[in-house]
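Novice: One structure follows; several queries about it will come next.
The values are calculated or read from the model by the stated rules, or taken from the named source; none is laboratory data. Everything quoted here is computed from the prediction, not taken from an experiment. Don't worry about glycine lacking a Cβ; one is built from the backbone with ideal geometry, like all the others, and counts go over all protein chains shown. Accessible surface areas use protein heavy atoms only, side chains included; no ligands, DNA or RNA. Shrake-Rupley method; radii C 1.70, N 1.55, O 1.52, S 1.80 Å.
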Amino acid sequence: MKLHEYQAKQLFAKYGIPVPRGRTAFAAADIEPSVTALLAETGAEVVVVKAQIHAGGRGKGGGVKVKRGAAAAIAAGHEIFGMQLVTKQTGPAGQKVRRLLVEEGLEIARELYLAMLVDRDTRRVAIIASEEGGMDIEEVAESHPEKIFNTKIDPLIGLGAFQIRQLAFKLGLRDKAQQAGFTKLLTALYRCFLDEDATLIEVNPLIVTKAGAVMALDGKMTVDENAAYRHPGWAELQDKDEEEPIEVEAKAAGLSYVSLTGNIGCLVNGAGLAMSTMDIIKHFGGQPANFLDVGGSANKEQVKKAFQMILADKDVKGIFVNIFGGIMQCDVIAEGVVAASRELGLTVPLVVRLEGNNVEKGKRILAESGLAIQTADSMKDGAQKIVAAVAK
């Protein structure tokens, strides 16, 4: 689950990580009071107005503005609030801005980059850092990879003092006060990462102010939804407006769904089989329209719901059902497929491959349905048939 910048910074502050003082606005009417309260608290002349969406590149898209004085900051807030913000990560459709963060402006001497993430290859937390912080970090990583520093943390030892010193040196933090500030910040950030079950924390930029303070000027954070049972407060952090409505609907139905850009809908049980199904469709020249895992114990109603979600995508020109009945019964899936096809008035080609428990009974249900359902003897056979059917 992704967090907004202001939410990440609230967690940062909880762990003692220095962040700028700020206020939020969730409605246009909140903008003026938020700016006024911030200026009264800080006495700052410069205000930074930031759009809060789950995407990077906000500055280049016009979603971050630095203004001097209350009037200019309030006007900038009204300009950003409600806009359709387009960045590299939102796609051409953009994302509507429904929340704002207004912060005190700081005098910046240097901009650095710092991130922590789970490195699945080494099964360790990795720290990524660079002297070249700011909006163009992706270009730096591509054109000057030598400027990106990567450090892995041994889970049995934890973040070592020597690792902090090495990173501080590589980032050019030679002043003792700056090194002390960086040590405190990085130590707290690692504790936050572990305690909050994060999978990613990105601070871009990590700044050194002209007064020598090391602070998190930005904050991007993603937490592991599998740990939600340990964090009852996470429900309040979720912003459903920033998620695909159909993916939210799928989660509520106990299904795993991710929208893609192809035209062949996939209904599969098991994440690994779902990935393999998408791969084999692409291998034979097709384009999957979604990742959809109905799990190992789906019932008739969940299968119907899965069909509804697939068909909600107007680009879908065919559906491939690929089921291995281990815990799941193939006849239950077949009954769900037949019921969904009839009730939804299915008009696009449908190919079904069943294997496993009660497979013969499942195939018989499909054959006796009287519906135009193609059956497949293998995953390869099914992928070839649905790609051919869609191509027609």
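Novice: Sort out which residues of segment 217-249 are in contact with a strand residue (DSSP E or B) (Cβ under 8 Å, 6 or more places away or on another chain), more than 23 Å from residue 21 (Cα to Cα) and assigned to a loop (DSSP other than H, G, I, E, B), and write them in order of number.
Specialist: Those that are in contact with a strand residue (DSSP E or B) (Cβ under 8 Å, 6 or more places away or on another chain), more than 23 Å from residue 21 (Cα to Cα) and assigned to a loop (DSSP other than H, G, I, E, B): 224, 231, 244.
Novice: So which residues in segment 114-145 are surrounded by fewer than 16 Cβ atoms within 10 Å (Cβ to Cβ), modelled with pLDDT of 80 or more and either in contact with a Gly (Cβ under 6 Å, 6 or more places away or on another chain) or not in a strand (DSSP E or B) (or both), if there are any at all?
Specialist: 120, 121, 122, 123, 145
Novice: Here is a follow-up. Kindly indicate the residue of segment 225-234 that is under 18 Å from the mean Cα position of the chain (by Cα) and open to solvent by 40 Å² or more (accessible area, probe 1.4 Å) and also nearest to residue 114 (Cα to Cα) among those meeting that condition.
Specialist: Taking segment 225-234 and keeping what is under 18 Å from the mean Cα position of the chain (by Cα), we get 225-228, 234.
Checking the rest, the ones that are also open to solvent by 40 Å² or more (accessible area, probe 1.4 Å) come to 225-226, 228.
Numbers: 225: 23, 226: 25, 228: 26 Å.
Per the stated criteria, the residue is 225.
Novice: Being modelled with pLDDT of 90 or more and over 24 Å from residue 260 (Cα atoms) narrows it down to one of 360, 343, so name that one.
Specialist: Values: 343 fails: modelled with pLDDT of 90 or more.
None of the other options fit; the residue is 360.
Novice: Cβ-Cβ below 7 Å, separation at least six or inter-chain, first residue in segment 93-116 and small (Gly, Ala, Ser), second open to solvent by 10 Å² or more (accessible area, probe 1.4 Å) and not in a strand (DSSP E or B): which pairs?
Specialist: From segment 93-116, the pairs are 94/86; 105/44; 109/210.
Novice: Name the single residue that is modelled with the lowest pLDDT among those in segment 45-69 being among the hydrophobic types (A, V, I, L, M, F, W, C) and open to solvent by less than 40 Å² (accessible area, probe 1.4 Å). Working first, answer last.
Specialist: As a first pass, look at segment 45-69 and keep what is among the hydrophobic types (A, V, I, L, M, F, W, C): 46-49, 51, 53, 55, 64, 66.
This time we only want the ones that are open to solvent by less than 40 Å² (accessible area, probe 1.4 Å), so: 46-49, 51, 53, 55.
Details: 46: 95, 47: 96, 48: 96, 49: 97, 51: 96, 53: 93, 55: 86.
Across segment 45-69, the extreme among qualifying residues is 55.
Novice: Could you tell me whether any residue of segment 260-280 is open to solvent by 40 Å² or more (accessible area, probe 1.4 Å), without any contact (Cβ under 8 Å) to a residue 12 or more places away in the chain and farther than 30 Å from residue 18 by Cα?
Specialist: yes
Novice: Still on this structure, please answer the following. Kindly indicate whether any position in segment 333-340 is within 33 Å of the chain's Cα centre (by Cα) and outside any helix (DSSP H, G or I).
Specialist: Filtering segment 333-340 down to residues within 33 Å of the chain's Cα centre (by Cα) leaves 333, 336-337, 340.
Retained after the next criterion (residues that are outside any helix (DSSP H, G or I)): none.
So far as segment 333-340 goes, no, none of its residues is within 33 Å of the chain's Cα centre (by Cα) and outside any helix (DSSP H, G or I).
Novice: Would segment 285-295 turn up any residue that is without any contact (Cβ under 8 Å) to a residue 60 or more places away in the chain, touching a Cys at 6+ places or on another chain (Cβ under 8 Å) and of a type in the set (Phe, Trp, Tyr)? Spell out how you get there, then give the answer.
Specialist: Our first condition is that a residue be without any contact (Cβ under 8 Å) to a residue 60 or more places away in the chain; within segment 285-295, this holds for 287-295.
Checking the rest, the ones that are also touching a Cys at 6+ places or on another chain (Cβ under 8 Å) come to 288-292.
From the residues that got through so far, the ones that are of a type in the set (Phe, Trp, Tyr) too are 291.
Looking through segment 285-295, at least one residue is without any contact (Cβ under 8 Å) to a residue 60 or more places away in the chain, touching a Cys at 6+ places or on another chain (Cβ under 8 Å) and of a type in the set (Phe, Trp, Tyr).
Novice: Also: Of the numbered conditions (1) open to solvent by less than 50 Å² (accessible area, probe 1.4 Å); (2) under 19 Å from residue 89 (Cβ atoms); (3) touching a helix residue (DSSP H, G or I) at 6+ places or on another chain (Cβ under 9 Å), residue 222 fails exactly one; give the number of that condition.
Specialist: (3)
Novice: I would also like to ask the following. Please give the number of the condition residue 286 fails out of (1) modelled with pLDDT of 90 or more; (2) within 19 Å of residue 250 (Cβ to Cβ); (3) of a type in the set (Gly, Ala, Ser).
Specialist: (2)
Novice: Residues 327, 323: which one is in contact with a Cys (Cβ under 9 Å, 6 or more places away or on another chain), more than 20 Å from residue 261 (Cα to Cα) and not in a helix (DSSP H, G or I)? I'd like the intermediate steps shown before the answer.
Specialist: Details: 327 fails: in contact with a Cys (Cβ under 9 Å, 6 or more places away or on another chain).
Of 327, 323, the one residue that is in contact with a Cys (Cβ under 9 Å, 6 or more places away or on another chain), more than 20 Å from residue 261 (Cα to Cα) and not in a helix (DSSP H, G or I) is 323.
Novice: Does residue 180 fit the bill of being touching a residue at least 12 places away in the same chain (Cβ under 8 Å) and among the hydrophobic types (A, V, I, L, M, F, W, C)?
Specialist: Working: touching a residue at least 12 places away in the same chain (Cβ under 8 Å): no; among the hydrophobic types (A, V, I, L, M, F, W, C): yes.
Judged against the criteria, residue 180 is not a match.
Novice: Sticking with this structure for a sec: Sort out which residues of segment 332-347 are crowded, with 17+ Cβ neighbours inside 10 Å and farther than 18 Å from residue 270 by Cβ, and write them in order of number.
Specialist: Within segment 332-347, the first condition is being crowded, with 17+ Cβ neighbours inside 10 Å, and the residues that meet it are 332-338, 340-341, 346.
Scanning segment 332-347 gives 335, 338, 340, 341, 346.
Novice: Consider residue 381 carefully, then state whether it is touching a strand residue (DSSP E or B) at 6+ places or on another chain (Cβ under 9 Å) and open to solvent by 60 Å² or more (accessible area, probe 1.4 Å). Quick ask: steps written out before the conclusion?
Specialist: Numbers: touching a strand residue (DSSP E or B) at 6+ places or on another chain (Cβ under 9 Å): yes; open to solvent by 60 Å² or more (accessible area, probe 1.4 Å): no.
In short, no.
Novice: Is there any pair with a first residue in segment 235-257 that is open to solvent by 40 Å² or more (accessible area, probe 1.4 Å) and a second that is of a type in the set (Ser, Thr, Tyr) whose Cβ atoms are under 6 Å apart and which are 6 or more apart or on different chains, and what are they?
Specialist: Short answer, once both residue conditions are applied: 244/259; 247/257.
Novice: Now for a different question. Somewhere in segment 157-169, is a residue closer than 25 Å to residue 211 by Cα, touching a residue at least 60 places away in the same chain (Cβ under 8 Å) and surrounded by fewer than 17 Cβ atoms within 10 Å (Cβ to Cβ)?
Specialist: no
So that you can scan it fast, the table gives a plain yes or no per residue for (1) assigned to a strand (DSSP E or B); (2) open to solvent by 40 Å² or more (accessible area, probe 1.4 Å); (3) of a type in the set (Gly, Ala, Ser); (4) at pLDDT 95 or above:
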| site | (1), (2), (3), (4) |
| --- | --- |
| 155 | no, yes, no, no |
| 190 | no, no, no, yes |
| 193 | no, no, no, yes |
| 203 | yes, no, no, yes |
| 206 | yes, no, no, yes |
| 212 | no, no, yes, no |
| 215 | yes, no, no, yes |
